[in-house]
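The values are calculated or read from the model by the stated rules, or taken from the named source; none is laboratory data. Note that this is a predicted model, so its numbers are computed, not measured. Neighbour counts are summed over all protein chains in view; Cβ atoms, including those assigned to glycine, are modelled from backbone coordinates with ideal geometry. Heavy atoms of the whole protein, side chains included, go into the accessibility calculation; ligands, DNA and RNA do not. Shrake-Rupley method; radii C 1.70, N 1.55, O 1.52, S 1.80 Å.
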Amino acid sequence: MIDKNSPIPLYYQLEEHIKDLIEKGDLVPGDALPPEREYAEKYQISRMTVRQAFTQLVNDGYLYRLQGKGTYVADWKIEQPLQGLTSFTEDMKARGLKPGSQLVHFETIPATSQVAKQLAIQEYGPVYEIKRIRLADQIPMAIETNYLSANLIKGLTEQIVNRSLYDYIEGEQNFRINHATQIIESSIADKLEAKYLKIASGAPVMLIQRNTFLQDGTPVEFVKSIYRADRYKFMIQMKR
Ligand code: GLP
């Protein structure tokens with residue numbers, strides 16, 4: 001498991017090994033990890049190295065520590081209700097997490113026929129194409145690609161999309177976002193998506209497509225998102 005001849009740092013190898021055990025379900029939320037000393041003996045590495053791996057996993061949300069007790073496997077899948085039409089920024093703040101975005105791409109392009117259809121505009125009409133990695137407490141949760149008509153939503157900039165798109169649409173542009181349809185499908189991360197989301201290539205993800213509308217039915221955004229399946233679960237209340 002740990003290869004001392006490898007150029008890959010030992011702490012990182014151990015980190016990946018523990019992540020693997022969590023992802024395969026060999027370690028489940030609430031499980032206590034063996035003490036640092038045991039890992040150090042088992043793999044013939046220093047306790048410092050083990051501590052470094054644990055600390056990194058704690059920072060990344062895989063593990064948590066209980067003072068004087070030990071280190072445990074965390075369960076922090078975000079449980080996202082499907083009823084409310086909320087923004088990523090609102091969702092994270094409601095959970096006490098710090099929302100963030102890493103902008104991958106921001107461009108005004110002529111709408112393709114697919115995007116034009118979704119936004120009910122003319123083909124080749126100007127649309128913003130915005131790709132952001134969405135972060136919660138600096139941890140990547142999702143990749144979102146938004147399309148918005150540049151004739152409807154005016155003045156979008158990189159600075160604005162680094163904050164909240166919904167805040168801008170409602171707070172600055174005075175539109176009221178009214179309803180949306182959302183489709184959720186399962187998939188696996190390709191190489192680039194895995195890199196952006198800091199997960200293994202081939203790890204499960206959820207594809208979410210959202211079409212959002214103003215009260216009069218005008219489409220305001222068309223969004224394709226890729227959410228980490230190890231960090232998200234969806235909840236809906238049902239009544240019969
Ligand atoms: C969610 C939705 C997106 C929407 C975004 C707006 O993540 N899935 O469709 O564009 O929220 O978030 P914010 O206002 O933080 O930019």
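Does region 218-226 contain at least one residue that is without any contact (Cβ under 8 Å) to a residue 40 or more places away in the chain and more than 12 Å from the ligand (Cβ to nearest atom)? Even if it seems obvious, please write down each step before you answer.
To start, the set of residues in region 218-226 that are without any contact (Cβ under 8 Å) to a residue 40 or more places away in the chain comprises none.
No, region 218-226 has no match at all.
How many of the residues making up region 81-108 are β-branched (Val, Ile, Thr), within 12 Å of the ligand (Cβ to nearest atom) and over 12 Å from residue 135 (Cα atoms)? Lay out the reasoning, then the answer.
Step one: list which residues in region 81-108 are β-branched (Val, Ile, Thr), which gives 86, 89, 104, 108.
Checking which are within 12 Å of the ligand (Cβ to nearest atom) leaves us with 86, 89.
Imposing the further condition that a residue be over 12 Å from residue 135 (Cα atoms) reduces the set to 86.
Residues that pass the stated criteria total 1.
Working only within region 185-218, note down all residues that are within 14 Å of the chain's Cα centre (by Cα), of a type in the set (Gly, Ala, Ser) and not in a loop (DSSP other than H, G, I, E, B).
Answer for region 185-218, where residues must be within 14 Å of the chain's Cα centre (by Cα), of a type in the set (Gly, Ala, Ser) and not in a loop (DSSP other than H, G, I, E, B): just 194.
Counting only residues that are outside any loop (DSSP other than H, G, I, E, B) and open to solvent by 60 Å² or more (accessible area, probe 1.4 Å), how many does region 87-96 have?
From region 87-96, those outside any loop (DSSP other than H, G, I, E, B) are 88-94; that's our starting set.
This time we only want the ones that are open to solvent by 60 Å² or more (accessible area, probe 1.4 Å), so: 90, 93-94.
Count: 3.
I'd like to know if region 126-144 contains one or more residues that are farther than 26 Å from residue 235 by Cβ, modelled with pLDDT under 95 and away from the ligand (no atom under 15 Å from the Cβ). Full working, then the answer.
Looking only at region 126-144, we keep the residues that are farther than 26 Å from residue 235 by Cβ, and these are 126-131.
Those still in the list that are modelled with pLDDT under 95 too: none.
Checking region 126-144: not a single residue is farther than 26 Å from residue 235 by Cβ, modelled with pLDDT under 95 and away from the ligand (no atom under 15 Å from the Cβ).
How many residues are in a helix (DSSP H, G or I) and either out of contact with any Ser or Thr (no Cβ under 9 Å at 6 or more places or on another chain) or surrounded by fewer than 21 Cβ atoms within 10 Å (Cβ to Cβ) (or both) if we restrict to region 117-144?
Applying the first criterion (in a helix (DSSP H, G or I)) to region 117-144 yields 117-119.
Those still in the list that are either out of contact with any Ser or Thr (no Cβ under 9 Å at 6 or more places or on another chain) or surrounded by fewer than 21 Cβ atoms within 10 Å (Cβ to Cβ) (or both) too: 117-118.
Final tally of qualifying residues: 2.
List every residue pair whose Cβ atoms sit under 7 Å apart, with the two residues 6 or more apart in sequence or on different chains, where the first one lies in region 84-95 and is without any contact (Cβ under 8 Å) to a residue 24 or more places away in the chain and the second, anywhere, is near the ligand (Cβ under 7 Å from one of its atoms) and open to solvent by 20 Å² or more (accessible area, probe 1.4 Å).
Listed by first residue and then by second, the contacts come to 93/99.
Pick out the one residue from 176, 163, 132 that is out of contact with any Gly (no Cβ under 9 Å at 6 or more places or on another chain) and farther than 30 Å from residue 192 by Cα.
176
Answer yes or no: is there a residue in region 170-188 that is surrounded by 15 or more Cβ atoms within 10 Å (Cβ to Cβ), touching a residue at least 24 places away in the same chain (Cβ under 8 Å) and under 18 Å from residue 101 (Cα atoms).
no
Could you look through region 97-116, keep only residues that are over 17 Å from residue 164 (Cβ atoms) and outside any strand (DSSP E or B), and pick out the one that is most open to solvent (accessible area, probe 1.4 Å)?
114
Residue by residue through region 145-161, note down the ones that are open to solvent by less than 30 Å² (accessible area, probe 1.4 Å) and among the polar types (S, T, N, Q).
Looking only at region 145-161, we keep the residues that are open to solvent by less than 30 Å² (accessible area, probe 1.4 Å), and these are 145-150, 153, 156, 160-161.
Answer for region 145-161, where residues must be open to solvent by less than 30 Å² (accessible area, probe 1.4 Å) and among the polar types (S, T, N, Q): 145, 146, 149.
Mind listing just one residue for me: the one in region 202-229 that is polar (S, T, N, Q) and either open to solvent by less than 40 Å² (accessible area, probe 1.4 Å) or modelled with pLDDT of 95 or more (or both) and, of those, farthest from residue 189 (Cα to Cα)? Show your work before the answer.
Pass one, region 202-229, residues polar (S, T, N, Q): 209, 211-212, 215, 218, 225.
Those left that are additionally either open to solvent by less than 40 Å² (accessible area, probe 1.4 Å) or modelled with pLDDT of 95 or more (or both): 209, 211-212, 218, 225.
Details: 209: 16, 211: 22, 212: 25, 218: 32, 225: 12 Å.
The selected residue is 218.
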